[in-house]
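Before any comments, here is the structure.
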Amino acid sequence: MITSKWRRGATALTATVLALLAVPAQASPASAAAHRAGETVTTTFFAAVDALAVADERRDGYVRTAYKHWTDADHNGCNARKDTIISEALEAPEVGPGCTLTGGTWFSPYDDVVVTDASGLDVDHLIPLAENWDSGGFGWTAKEREQYANDLEDSRTLIAVTARSNRSKSDKDVAEWLPPAVEYRCHYTQDWVAVKTRWGLSVDPAELAALHRIAAGCDNAPITVVLAR
């Protein structure tokens, strides 16, 4: 039986909940005066959706190179992409010179597929880089965008999935794309909201409507994030 990261994480997260924090509707927890970068915020899925700031998307000026990604911030010889692949392995690969990966087994929750070759994996930014830009990243510093693009401090930001599913998703938000694995959609959407909360990102009206529609069929799961900004 395969136990994926998201199934293990759901149990661990529930055990860590200490309190429920209600936040006024359409006010971003990350931008509220009471909250600062580095602070831990515990809330619920439904409350977190309602707390997201709502704004129209802004794609003007976006280029992928505005986000310096796949850096090796910890200088361990593996960049953030490879670190994500290694950390999510069900059976660990052998790590060779230059962080070459041999062997290993992974589970791609987007499409419920077992992968036995790291070359078949993409590492997805759960909130795509273009979506990040649209949702507030256009106003960030280059350093903040780099930190987001290589965020290993919250395992929800980056996820190893099949190349096919990642490329199907592209830069679409939850109003435009959901994982083919139907049973994963609630978890995916909860993580989407968690990452937007962590980074203080907004949602557009169509995205918010989709979040409410999806949430109606999901449990009001606890969400805990450490605010990044």
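The values are calculated or read from the model by the stated rules, or taken from the named source; none is laboratory data. Keep in mind the model is a prediction, meaning the values are calculated, not measured. Quick reminder, even Gly has a Cβ in these numbers, built from the backbone with ideal geometry, and neighbours come from all protein chains shown. Side chains included, ligands, DNA and RNA excluded: accessible areas come from the protein's heavy atoms. Shrake-Rupley method; radii C 1.70, N 1.55, O 1.52, S 1.80 Å.
Kindly list the residues of region 55-73 that lie in the label zone of Ala142, defined by a backbone N under 19 Å from the point 7 Å along the Cα-to-C-beta vector.
Only 61-73 fall inside the zone, counting backbone N under 19 Å.
Just to confirm my numbers, what's the Cα centroid distance between region 195-214 and region 178-193 in Å?
The distance from the Cα centre of region 195-214 to that of region 178-193 comes to 13 Å.
For the chain, what does the accessible surface come to per residue with a 1.4 Å probe? Please give it in Å².
Here the residues of the chain average 47 Å² of exposed surface.
Run the reach check for Lys68 against lysines, Cα to Cα strictly under 22 Å, same-chain hits fewer than 8 apart removed. What comes back?
Lys82, Lys143, Lys169, Lys172, Lys196
Sorted by mean Cβ packing within 10 Å, highest first, what order do the peptides 160-169, 68-77 take?
Result, highest mean Cβ count within 10 Å first: 160-169, 68-77.
With N denoting the number of residues in region 23-143, provide Rg(C-alpha) divided by 2.2 N^0.38 Å, to two decimal places.
1.33
Provide the packing ranking of 97-107, 204-214, i.e. peptides ordered by the mean count of other C-beta atoms within 10 Å per residue, highest first.
Highest mean packing first, the order is 204-214, 97-107.
Over the C-alpha atoms of region 94-229, what are the Rg and the largest Cα-to-Cα span, Dmax, in Å?
Rg and Dmax of region 94-229, Cα atoms, are 15.5, 48 Å.
What is the distance in Å between the Cα centroid of region 30-83 and that of region 89-159?
Going from one Cα centre to the other spans 14 Å.
Just the ratio, please: alpha-carbon radius of gyration of the chain over 2.2 N^0.38 Å, N its number of residues. Each step should come with its number before you reach the end.
Values: Rg = 17.1 Å, N = 229, 2.2 N^0.38 = 17.3 Å.
The chain yields a ratio of 0.98.
DSSP loop (so not H, G, I, E, B), at most 11 other Cβ within 10 Å: list which GluC sites (Glu not before Pro) in region 60-154 pass both filters.
Working: sites: Glu88, Glu91, Glu94, Glu131, Glu144, Glu146, Glu153; in loops: Glu88, Glu153.
Sparse-neighbourhood loop GluC sites (Glu not before Pro): Glu153.
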